[in-house]
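Below: one structure, written as structure tokens.
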Amino acid sequence: MQTASSHVLAKLVGDIARTDGEHTVQIPTLMLYRRSAATDPVPCIYGLGLGITVQGNKRVTLGDEIFEYGPGQSLVTSVDLPVVSYVTRANLDEPYLGLRLELDARLIAQLAAEMDFTAPLKVATSRALSIVTLDDSLLDALIRLIQLLDEPQLIPLVAPLIQQEIVVRLLKGEHGPSLRHMVAVGSPSHQVAKVLSWLKQNYKEEVTMDDLATKAHMSPSTFRQHFRVVTGMSPLQYLKNLRLQDARQLMLNEDIDASSAAVRVGYESASQFSREYTRLFGAPPVRDIKRMRLAS
């Protein structure tokens, strides 16, 4: 059941996002979305951030898991995750409306260290994606953040304060354990998060499971176990996703061919690249890029 605040947020987002697509605003970490029809599944990377479905419904798959979320729910990803995302309910009369706010890992770590929590954090591994009910206080902060767009001269001073409040409320709420696990130095989730950060910068390199486990200060079997809990997939699957996502962007933005893109992201075999690309994106590279350009 939608509250009065939910309707306010829907109107604010709808008034800005008047056409289908992604809408950037003067707050760089904030993105608004509108879709007038259900969409096909789209593989993408969800970075550290907060996602809200304001109107309509969305489905996100992570590995073998399926997550559904709609109005009144919030989604947080605490590390970069390769997911498949798609809108499942939208039409012209009631389009899908959503927003995504990037979060700052250093700010989360700083605030988590300063805050008092009623329950100590258990030493365990936490999934890096969580969906919980959107509480009224967080909803109010998001409304104030978007309303700030009407006062652009105040954005540099006030937006960071509201975003800090949002992080505090996330840490205090049901998303808190997942976020705290990722910044708790020495925890298995934090060690995996450090490896994920390294992979994001070095995924083109040839890397072995033993190398990654060493970076996490774990045995290979323990590392695999914790990695799968955090990301929903194996290290090899994660690495493939990073490479294929980057190759897709290279072909789309730099107009290079599939063979060149494959080499650029670390593939030695063009045929293997084509097979894995088709498996992930549902079409061979040339056809997929043509489809994306026609859709844009």
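Bear in mind that the values in this text are calculations on the coordinates, not laboratory data. Everything numeric here is computed off the predicted structure, so don't read it as measured data. Methodologically, a virtual Cβ is constructed for each residue, glycine included, from the backbone with ideal geometry; neighbour enumeration extends over all protein chains shown.
Tabulated values for the structure
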{"item": "Inter-site label distance for Leu161 and Ala105 at 7 Å from Cα along Cβ, in nm", "result": "2.9"}
{"item": "Label selected from (i) 19.2; (ii) 19.9; (iii) 20.4, the criterion being Kirkwood radius over Cα pairs in Å as computed here", "result": "(iii)"}
{"item": "Assigned charges on the beta-carbon of Lys, Arg, Asp, Glu; the chain dipole about Cα centre (debye)", "result": "580"}
{"item": "Sites Arg287 and Gln201 - FRET efficiency at Förster radius 30 Å, r taken between beta-carbons, to 0.05", "result": "0.45"}
{"item": "Value at 222 nm in deg cm²/dmol, rounded to 500, when DSSP H runs of n ≥ 4 in the chain each add -39,500 (n - 2.57)", "result": "-15000 deg cm²/dmol"}
{"item": "Dipole magnitude (debye, nearest 20) for region 1-90, charges at Cβ of Lys, Arg, Asp, Glu", "result": "360"}
{"item": "Pair Thr214, Glu114: separation of 7 Å Cα→Cβ label points (nm)", "result": "3.9"}
{"item": "DSSP-assigned coil residues among GluC sites (Glu not before Pro) in region 140-218, each with at most 11 further Cβ atoms within 10 Å", "result": "Glu205, Glu206"}
{"item": "All-pairs alpha carbon distance profile, region 132-226, 5 Å steps from 0, percent", "result": "2, 12, 16, 14, 12, 11, 12, 10, 7, 3, 1"}
{"item": "Local electrostatic count at Leu111 - Lys and Arg +1, Asp and Glu -1, tallied over other residues with Cβ under 13 Å", "result": "0"}
